[in-house]
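Comments concern the structure below.
The values are calculated or read from the model by the stated rules, or taken from the named source; none is laboratory data. All values derive from a computational prediction rather than experimental measurement. Every residue, glycine among them, receives a Cβ derived from its backbone with ideal geometry; neighbour counts consider all protein chains shown.
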Amino acid sequence: MSNPWRLYDDLVDALPVGVRVEDCVLSRFAMVSTSVGGYGLALADRAGRRTLRDPESVVGRDLRSVASLAKSWDFELAALGVAAMNSWFNTEQRVVDAGATLIGADGDSFVVHAQRVAGRRVGVVGHFAGLRHLTAADELIVLERDPHGDDYPDPACEYLLAGCDEVFITGTAVANKTLPRLLELAADARTVLVGPSTPFAPEVYGSRVDEIGGAWVADANLAGRLARMGASMRSMKQVFTRFNASFDHGANR
């Protein structure tokens, strides 16, 4: 197994020097705004160690310093780190320049895969509402930290992902530190990172990621108000513009 921290270090190294964090929120979502007008969000997981006392202590710090908190085993603190990354990576300009397809605030990243998954073995890390669009799959394996119904518990990733043709991975895997291993397990599959917590950094992921179904913050003022209110994912959807971006790595997967 390669050094799992390398991915996090590479994400931080891809950020600019000299950008400051000007505001932050930590509730159901972590939100970070910066001195260059960037806004980033990431879903906050209350699991892990509980070391965070004052999230506003990150205000005024360098963006790279705050982003490095993504390596923390306090997952709320890690979410602040990922939100800091997203304030730079997940912008309209970067997404448009990458030739992404915009799907709007109410769009669903799984819709575009409805036909592609037909007859294939599909693994999904995270339980998404959009799973209903993947019913054409020959086999659909859902792996979830809090499983219900036919979901498998997430440790089953070690046994089930390796045989999949397509793998979808929730963006929250960045903060909870499972992403490096999940990418290794899915190395032979077509791999898609999904969700607004996903840093849009294809230059860092390289050939390990074939597509990103992510989002950028389109209404920063509303995002800040809703984040401070502890809004749910359903409520937060209105602040995002969602997109799908595919990358040609020259492989037929």
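Across region 64-78, which residue is surrounded by the fewest Cβ atoms within 10 Å (Cβ to Cβ) among those that are in a helix (DSSP H, G or I) and over 15 Å from the mean Cα position of the chain (by Cα)? First the steps, then the outcome.
As a first pass, look at region 64-78 and keep what is in a helix (DSSP H, G or I): 64-71, 75-78.
Checking which are over 15 Å from the mean Cα position of the chain (by Cα) leaves us with 64-66, 68-69, 77.
Values: ARG64: 19, SER65: 15, VAL66: 28, SER68: 18, LEU69: 24, LEU77: 25.
Restricting to residues being in a helix (DSSP H, G or I) and over 15 Å from the mean Cα position of the chain (by Cα), the top hit is SER65.
Could you say which residue among ASP108, ASP138, ASP151, ASP165 is surrounded by fewer than 21 Cβ atoms within 10 Å (Cβ to Cβ) and within 19 Å of the chain's Cα centre (by Cα)?
Details: ASP138 fails: within 19 Å of the chain's Cα centre (by Cα); ASP151 fails: within 19 Å of the chain's Cα centre (by Cα); ASP165 fails: within 19 Å of the chain's Cα centre (by Cα).
After applying the criteria, what remains is ASP108.
Condition check: touching a residue at least 24 places away in the same chain (Cβ under 8 Å) and of a type in the set (Asp, Glu). Does ASP219 satisfy that? Don't jump to the end; show me each part of the working.
Numbers: touching a residue at least 24 places away in the same chain (Cβ under 8 Å): no; of a type in the set (Asp, Glu): yes.
Criteria not met by ASP219.
Which count do you get for residues in region 210-244 that are surrounded by 20 or more Cβ atoms within 10 Å (Cβ to Cβ), of a type in the set (A, V, I, L, M, F, W, C), touching a helix residue (DSSP H, G or I) at 6+ places or on another chain (Cβ under 7 Å) and outside any helix (DSSP H, G or I)?
So the answer is 4.
Please give the number of the condition ALA175 fails out of (1) within 30 Å of SER35 (Cα to Cα); (2) in a helix (DSSP H, G or I); (3) of a type in the set (A, V, I, L, M, F, W, C); (4) in contact with a helix residue (DSSP H, G or I) (Cβ under 7 Å, 6 or more places away or on another chain).
The one condition ALA175 does not meet is (2).
Among the residues in region 146-169, are any in a helix (DSSP H, G or I), in contact (Cβ under 8 Å) with a residue 40 or more places away in the chain and closer than 19 Å to MET85 by Cα?
Kept after step one, since they are in a helix (DSSP H, G or I), are these residues of region 146-169: 154-163.
Right, trim to in contact (Cβ under 8 Å) with a residue 40 or more places away in the chain and you get 163.
Subsequent filtering for residues that are closer than 19 Å to MET85 by Cα retains none.
Checking region 146-169: not a single residue is in a helix (DSSP H, G or I), in contact (Cβ under 8 Å) with a residue 40 or more places away in the chain and closer than 19 Å to MET85 by Cα.
Determine whether region 41-63 contains at least one residue that is in a helix (DSSP H, G or I), over 15 Å from the mean Cα position of the chain (by Cα), surrounded by fewer than 18 Cβ atoms within 10 Å (Cβ to Cβ) and modelled with pLDDT under 95.
Taking region 41-63 first, the residues in a helix (DSSP H, G or I) are 55-58, 63.
After this cut, where a residue has to be over 15 Å from the mean Cα position of the chain (by Cα) as well, the list is 55-58, 63.
Narrowing the set further to residues that are surrounded by fewer than 18 Cβ atoms within 10 Å (Cβ to Cβ) leaves 56-57.
The next check asks that each one be modelled with pLDDT under 95; those that pass are 56-57.
Yes; the residues of region 41-63 include at least one that is in a helix (DSSP H, G or I), over 15 Å from the mean Cα position of the chain (by Cα), surrounded by fewer than 18 Cβ atoms within 10 Å (Cβ to Cβ) and modelled with pLDDT under 95.
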